[in-house]
Structure formats: C-alpha cells, structure tokens
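What follows is a short report on a single structure.
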2 protein chains.
Amino acid sequence: MVNIALLGFGVVGSGTAEVLTENKKIIEERLGREYNLKYILDLREFPDSPFGDRVVHDFNTILNDPEVSIVAEMMGGSHPAYDFTKACLMAGKNVVTSNKEVVSTFGVELCEIAKQNGVRYLFEASVGGGIPIIRPLINDLSSNKINKISGILNGTTNYILTSMRDKGESFEDALKKAQQLGYAEANPSADVDGIDAARKTVILAALASGKLIDPKSIHVEGITKITLQDTKFAEQFGYTIKLIGYTELTADSLIAFVSPRMVPATNPLCRIDDVFNGVLVDANMVGEVMFYGPGAGKLPTASAVVADIIDIIAAMDTTHKSIEWKQAEPCDLADFESYKCRRMFIVKENEDIAAKLNGEIKALDGACACVTSDVITEREAAEMANSLGDALISVYRVL
Amino acid sequence: MVNIALLGFGVVGSGTAEVLTENKKIIEERLGREYNLKYILDLREFPDSPFGDRVVHDFNTILNDPEVSIVAEMMGGSHPAYDFTKACLMAGKNVVTSNKEVVSTFGVELCEIAKQNGVRYLFEASVGGGIPIIRPLINDLSSNKINKISGILNGTTNYILTSMRDKGESFEDALKKAQQLGYAEANPSADVDGIDAARKTVILAALASGKLIDPKSIHVEGITKITLQDTKFAEQFGYTIKLIGYTELTADSLIAFVSPRMVPATNPLCRIDDVFNGVLVDANMVGEVMFYGPGAGKLPTASAVVADIIDIIAAMDTTHKSIEWKQAEPCDLADFESYKCRRMFIVKENEDIAAKLNGEIKALDGACACVTSDVITEREAAEMANSLGDALISVYRVL
C-alpha cells in the first residue's frame, strides 16, 4: 500500500483527490498496486467534502509519518511550498507538483536534493496543465537535440486574445469576461504580464538544455498593450497574435523570452484558441511535433499530477535517472539584442515606411503596417523603431 | 557497452543508423552509457555507405551473438519480420520496431514472449511515425480512462486529401503526384484503401483497452471514392474530409473502424494537412489532448525507433512493467451497426431530401447535401441511403 499526501486543497488539490478516487480501480489495475490518500494539508476545514476526514493542519503530521512516501504539492506560491517540498525530499519522500513558481525558481536545488535522497521530484503539471509535455520531452524526444520550443503556455491570455480577434472585444472587456468565467484572477498580473508564461518557458528551456534560467532575468512582455487595431493588422497579413514563450538552443548558447508574436497561418500554433495551450517542439531528427490540450483547469492539471504519482509508484522498486539541471550562468545565455526574426511595424502614416522598411505593406483605417522581408535583430528593430519616431504605433516579432 | 543490431537497411533502417550516429554524443551523455551499432541485416550490400562494414546477410549472426542486447526490426511485412522478432525475444534480446503490420497482427503473442523472457518489445514508431503517442498513452495518460481516440494516421492519404481540397486536384491526379514525391508506393493500396490506418487504429485501441483487435476484422473504408464534389460540399458546411482511424470505449465494449469523416472546423484534426499526422485523445480526466507531427519519413520515424532503444538502455538494470494485451474476442466488440454519429448525405436532387432527412441542407452544382441534426446509427444510415435509391451520390460520417 502506497500512502499519498496532498499539500493544498484548492482547485488542483481537490481535482487530484477526485482523480485518485474516481479512477482508483483502473489505476491500481495498471499499477498492480494499491494506494491510499492518507492526508490533505490545508488551513481550512472541509466538513462537507468526502475527503474532509483526511484534512490536517500541521505539515509535521505528514512529514513525520514514515508511511507517506509520495507528497503532491499544489499550494502555489514559493513559500511555504518550497520549504515543505525540500523538507519532504530530505525526509526521503517523493514529491510531485503543479507549482511552476517553485520549479522555475528552485528546480536545480530541489532536483539535486531529490537525487541525493534517492527519491524523485516530478512536475509534469507545471507546464501545459494536462498536456503531456515534460515526460515526452525527456523520454520520447530523447533521441533528438532540441533546437527550439515555442509555446502558447497561458490559457488566460490565449482566451483574451481569441476573444479580441473573434469577437472584436477590447483587451479590457475580454479580461473582464475572463475574470467572470474564472479564467483570470482578480489580480491578473501573473497571467497578462507574461510572468506565468515566463516560468513555464524557463522550465521548457531547462528540459531542452539542462540549464535553468532565472525566470526574472528573461525578457518578458505581456499582452496588455495589444490593441484591436493590432489584431486587425495581424488578420490582414494572415497572422494571429499569440503570447509565445520561446526558447532556442544554438551551438553554444541559449535564448529564452516571452512576448506577443505574429503567428503565421502555416504554424500549427496559429489555430490554438481559447484556454487551450500548445507546445511546438523543433528537434533535429523528428522535425516539428506539437502537443495540444487544456493548459489549465481542475481535472486536466490533476490528471498530470496523478500521472507523476503513478510514474513514481510504478518505478518505486527500481533505480531511475534523476533530472539534473544546472543553474544557467550569464555566459550560457545568448545576447538577446542579437535575436533575429522578421518584424511587423505598425505606424500612423505610410508615406515614409516603404522607403525605410523592406517588406510587405498594408493599410487599414488611416494606419499602415509593414512586415519585414528580412530577419532583423532586436537592436536593429529598436533602431528602426526609433527612427520612426512619433509615427510608430507598435512593433511585433513574427514567429 | 550496449550492442545494437538493425534488421533492414531501407528508409527507416538507414535513418535509424543516422540518428544513432549523428546524435551519439548527446544520447550517450543523457544515458551515461555507451552504445555500438554492431550489425545491420540486409540482403543487399552497401559498399558506399559509411555503415557498409556492419552489413550481414545471415540473421543467425545477430541471433547467436550474445553481445547484441537490442534489435531494431524495420523490415516491414509480416515474414520474416515476425519470425526474427520472436527468435530475438526468445533469445533474451530486446526488440523495438516500426512495423505496424507485425505489432497489429502478432502484438499479443510478442508482448507475452517478451515478458516471459524478461525483455521488452517496444513499438513507438509503429503509429504516428515520429510523433510521441504510444509512450504518452501508457505513461502520461495513465491517470485517465481513455474514452475515444480519433487519428489522422496515414500521411499519404492526408497529402492526397489536402491536395484535392486546396488545389482542386482529382483523387487520381493527387495520387500520381504523391507517387512522384515518394509519399505513395507504386501499389498504393495499403495507404489509399485504409489498411495502414486500420493497423494503427487497432494498436491505439489496444493501448486504450488492453485488447488487440484483428485489423482485418474491423470496418475499413479508404479514400478512393472521394470526389471533388464531396470536398466542395465539405467546405460548404465548414468541414474538411479526413481519413480517420477511430476507436471508442464504452462501459463494456470496444469500437474501432477506419473511414473518411467530415471533420468540423472546431476539431483540431481539421487543420492537420499534407503528410502530417495527428492523434486526438479524449480521456475522462484530462479531456482532449492532441499529438501532432510528421507521421512518416526517414528521420522522424527513426527518431521514434531510437527513443525506444534509449528507453530500453535507460531501464536495462531495472525491472519494468510489460505491455500485456489480450486478443479481442467477438464479445469484446460493439455491434458496429449501432455506432451513432451525424451523417452527411449527398444526393442528385434536393426536392425530397428535406422531407426525408432532418438537418441542414446546401445545394451545389445541381446536387445537394444534408447534414443530419441527429446522430443516427449505421443501420439507420443504411436504411436512409437505401430509401434515397438512385438519387444517393455518397454518404459520410461526421466526426
């Protein structure tokens, strides 16, 4: 009998209890082993929940119970989630988590502690919610060198951008609806400012490169400045605007950033709408593969948490290779200013644009936009933007 | 040092040699172990190949070499591929394969022999080429009950259907081009008649249900009867025609079949074009997730073969859970005649249709089509088709 404890009984925590209960029979059959959900740590009481009798308020009850071998941390935030995770790993308990903040910030240390203690720290649910992406990157694309990963990694912002494009709603109106539907928090900053996507991007970059970048150190733009005019210009050129977490591995360095991008209709990410997520991986042998599905939500995220729990139970009596990451040093990172891609410039007037920018031009409602034919660096794009002066409305990277 | 032998040095075999060589450094780093490509079995000589010196013509050289612990079978066809696989497994060698014919026909027996001999039989490359789908179904969706799987599983037919839709080419012209481009064989029957898709469908159904159905026993329609008129009607209604391998698990039975389907624009399979494949999985906790990528081709398929090799090497000193399938009995299968979905009827004249069929009607070039509002069974659809008599041009299942 394997005993499991959950830390946190919020959306993902209660979903995890539900998956473990609802699918208990088929999971135990697959494993050939039984499990028991022994404790749920939460500050609150849940007298009406069928799991109410397992709720405890003192973390030490879990930490000090030698019967508990797997702990699922779904508290969110860095503290005490990080501290509890560390304590569990040091006590020889396996930990699985959906907490991208902890993984992206403390992943190197926690993986190392897990290794030293002969246990595992797994985090499939931290990127892409229910979409299998972390284990496939490790196991299925193991025969490949990863070149690039581009992902729609945040469901809230994708819902807002889809509403702006399809319903002509402004950013503010679309955000309000997302909040009403429960897709966005009262304070939506982590989503709309790209912070959540940045955490997921560095986790993907670490899986591809072995080096974890501090998510606070990468270039991050959110979606708050995107206007309806921008989405219309996107459509004119056959693009759609998506918030893209991007990482690229060159021969000797690593790039990672989050920003809105103009995604061409030929790119499979273009059609991933609403709260769905998609992760497009470009690898040297397989080419492009994409993983698509619900990037958030109670049961999808819980599905990934429980997949990690099953993975641990299935391999409990065997050795297994630990995830080994290093903290990325400044010298590991490419100079962001030299990142090259095509750009779309949107300006107030079109007279001088054709002369200054080499590319396709389209006009719309008194403004005009140009998509450059050539890839240009961040530095060149900034210079170009400067030279356009007051005429510049916005500029986008093309994916 | 792990010694590997390849059976077959055709497209996938030579690709596998290339992946093992090209990415040797990063793969060995990931594994912490070295490997050696010791033999390649083929009837031909390859004096100009860098692997020419490893070519052998006698299977027994490989079978009787105790140093060889992993054999990759990429010969195609049932015999001698099945016989060689069986002999290798019985001799305690792990086998990986891209051969869907062998897996779909002899999978139950070969998995059982592997288990008895303490070795593994893996076949990630047998479905979806380079797309990770088999291992994700086993490992990542392990917390779910699989409800349905719908897949675009054959790149050749998807290329033809895309050409018909986008370029207005007839089936015959599109097939000719596919042959010129090397996407289709001189004898295209296995692709265009749906046989290849049927093999992959029963493998997916077995992964979902644990029961392997004889691919020859399922309902299989190919794409040879699809006309340009059909593709135009599809467009009129906002659908696109795709060859879909489909499986569905109900409480007590299993359905599996292959046929062209009208795929609505809201279904993510709708936008998977050209030679790409996509597998959409509907599972009880995660909801819908999709896996997309190159479903065939030298390096993509080899990427999956080598992922299996890596999986075996990584777990060589540990125990591992074997795949255990049973052969599906007639009583396991649902009555196909009771399969329910919406239908599109295309008929010569439209006068009587509205009265006979309850649904949306559109006319085009002297013909007309109706998509039923209700789901109807195969039996009901056949009766309806009968009652339309000579007026019926074609009928499609809607996905």
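The values are calculated or read from the model by the stated rules, or taken from the named source; none is laboratory data. Bear in mind the structure is a predicted one, so any value in this text is a computation, not a measurement. For neighbour counting, all protein chains shown are included, and Cβ atoms are generated from backbone atoms with ideal geometry for every residue, glycine included. Only protein heavy atoms, including side chains, enter the accessible area calculation; ligands, DNA and RNA are left aside. Shrake-Rupley method; radii C 1.70, N 1.55, O 1.52, S 1.80 Å.
Simple rule: put +1 on each Lys or Arg Cβ and -1 on each Asp or Glu Cβ in chain A, find the dipole, and look at A:113, A:158, A:208; the Cα lying farthest toward the positive end is A:208. Please work out the C-alpha center-to-center distance from segment A:104-127 to segment A:287-364 and express it in whole Å. Segment A:104-127 and segment A:287-364 have Cα centres separated by 21 Å.
Look at the dipole of segment A:1-89 built from charges on Cβ: of A:84, A:26, A:37, the Cα furthest out on the positive end belongs to A:26.
Of the peptides A:298-306, A:249-257, how do they stack up when ordered by the mean number of other Cβ atoms within 10 Å, highest first? Intermediate values should be presented prior to the final figure.
Values: A:298-306: 28.7, A:249-257: 16.6.
In descending order of packing, they fall as A:298-306, A:249-257.
Any chance you could check the Cα centroid distance between segment B:159-197 and segment B:248-285 for me, in angstrom? Each part reduced to its Cα centre gives a spacing of 21 Å.
Taking each residue of A:259-268 in turn, how many C-beta atoms of other protein chains fall within 10 Å of its C-beta, and what is the average?
Numbers: counts 0, 0, 0, 0, 0, 0, 1, 1, 0, 9.
That works out to 1 on average.
Using a probe radius of 1.4 angstrom, the carbon and sulfur fraction of the accessible surface of segment A:81-123 is 49%. Site pair residue B:33 and residue A:387 shows an inter-label distance of 5.8 nm when each label is modelled 7 Å from Cα along Cα→Cβ. Label-to-label distance for residue B:265 and residue A:181 is 1.8 nm, based on points extended 7 Å past Cα in the beta-carbon direction.
Probe radius 1.4 Å, ligands and nucleic acids ignored: give me the carbon and sulfur share of the accessible area of segment A:352-399 as a rounded percent. Could the numbers behind the result be given before it?
Values: 1160 of 2450 Å².
After summing per-atom areas, the C and S share lands at 47 percent.
Full extension of the segment from residue B:25 to residue B:235, taken as 0.36 nm per residue of separation minus the current Cα-Cα distance, would add 70.7 nm. Keeping the other protein chains in place, figure out the carbon and sulfur percent of the accessible area of segment A:162-240, with a 1.4 Å probe. Carbon with sulfur: 47 percent of the solvent-accessible area. Across peptide A:300-308, the average count of Cβ atoms from other chains found within 10 Å of a residue's Cβ is 5.
Computed from phi, the 3J(HN,Hα) profile of segment B:25-38 under the Karplus parametrisation 6.51, -1.76, 1.60 (θ = phi - 60°) reads 4, 5, 5, 5, 5, 4, 7, x, 8, 9, 9, 9, 7, 8 Hz, with x in place of Gly and Pro. Using a 7 Å projection from Cα along Cα-to-Cβ, the label point at residue B:385 is separated from the same position in the remaining copies by 5.9 nm, smallest value first. Closest approach of a chain B beta carbon to the axis mapping chain B onto chain A (residue, whole Å): B:318, 2. The Cα center of segment A:382-399 and the Cα center of segment A:33-64 differ in position by 54 Å.
Ranking B:57, B:219 by solvent-accessible area of protein heavy atoms (1.4 Å probe, all protein chains present), from largest to smallest, gives B:57, B:219.
Probe of 1.4 angstrom, ligands and nucleic acids ignored: what's the accessible area per residue over segment B:11-90, in square angstrom? Numbers along the way, then the final one.
Values: 3960 Å² over 80 residues.
Accessible surface, normalised per residue, equals 50 Å².
For segment B:132-163, a drop of 20 Å² or more in accessible area on going from the chain alone to the assembled protein chains (1.4 Å probe) is found at B:132, B:135, B:139, B:140, B:142, B:143, B:144, B:145.
Rolling a 1.4 Å probe across the protein heavy atoms gives segment A:276-385 an accessible surface of 43 Å² per residue. Placing a pseudo-label 7 Å from each Cα along the Cα-to-Cβ vector at residue A:60 and residue B:166 gives an inter-label distance of 6.5 nm.
Taking Cα atoms, how many degrees apart are the long axis of helix B:298-314 and the longest axis of chain B, rounded to 10 and kept between 0 and 90? So the helix axis and the longest Cα principal axis differ by about 50 degrees. Annotation: peptides B:340-348, A:280-288, B:110-118, ranked by per-residue average of other Cβ atoms within 10 Å with the highest first, follow the order A:280-288, B:340-348, B:110-118. Between residue A:189 and residue A:321, what's the calculated FRET efficiency when r is the beta-carbon distance and R0 is 30 Å? Round to 0.05. Once the sixth-power term is evaluated, E becomes 0.20. For peptide A:28-38, the mean count of partner chain Cβ atoms within 10 Å of a residue's Cβ comes to 1.
Counting only Cβ charges, +1 for Lys and Arg and -1 for Asp and Glu, the dipole size of segment B:206-280 around its Cα centre is about 60 debye. For residue B:282, neighbours were defined as the other residues whose beta-carbon sits under 12 Å from its Cβ, and their charges (Lys and Arg +1, Asp and Glu -1) total 0.
Below 10 angstrom from the Cβ of residue A:267, what's the summed charge of the other residues (Lys, Arg +1; Asp, Glu -1)?
Values: positive: A:242, A:261, A:271; negative: A:288.
Here the count lands on +2.
In nanometers and ordered shortest first, the copy-to-copy spacing of the residue B:53 label point, defined 7 Å from Cα toward Cβ, is 7.1. Were the residues from residue B:78 through residue B:49 laid out at 0.36 nm apart, the gain over their Cα-Cα distance would be 7.7 nm. In this structure, residue B:1 and residue A:90 have a Cβ-Cβ separation that, at R0 = 35 Å, corresponds to a calculated FRET efficiency of about 0.45.
Placing R0 at 45 angstrom, the Cβ-Cβ distance between residue A:224 and residue B:224 gives a FRET efficiency of 0.25 after rounding to 0.05.
Contact-buried residues of segment A:274-293, at a threshold of 50 Å² lost accessible area versus the chain by itself: A:285, A:286, A:290, A:292 (1.4 Å probe; DNA, RNA and ligands ignored).
Rounded to the nearest 100 Å², what is the buried accessible area between B and A, both sides summed, probe 1.4 Å? Walk me through the numbers on the way to the answer.
On the way: alone 17380 and 17380 Å², together 31230 Å².
Counting protein atoms only, the buried area is about 3500 Å².
Under 5 Å between amide hydrogens, built in the peptide plane, is the criterion, and for residue B:96 it picks out B:71, B:72, B:73, B:122 among residues at least 5 positions away or on other chains.
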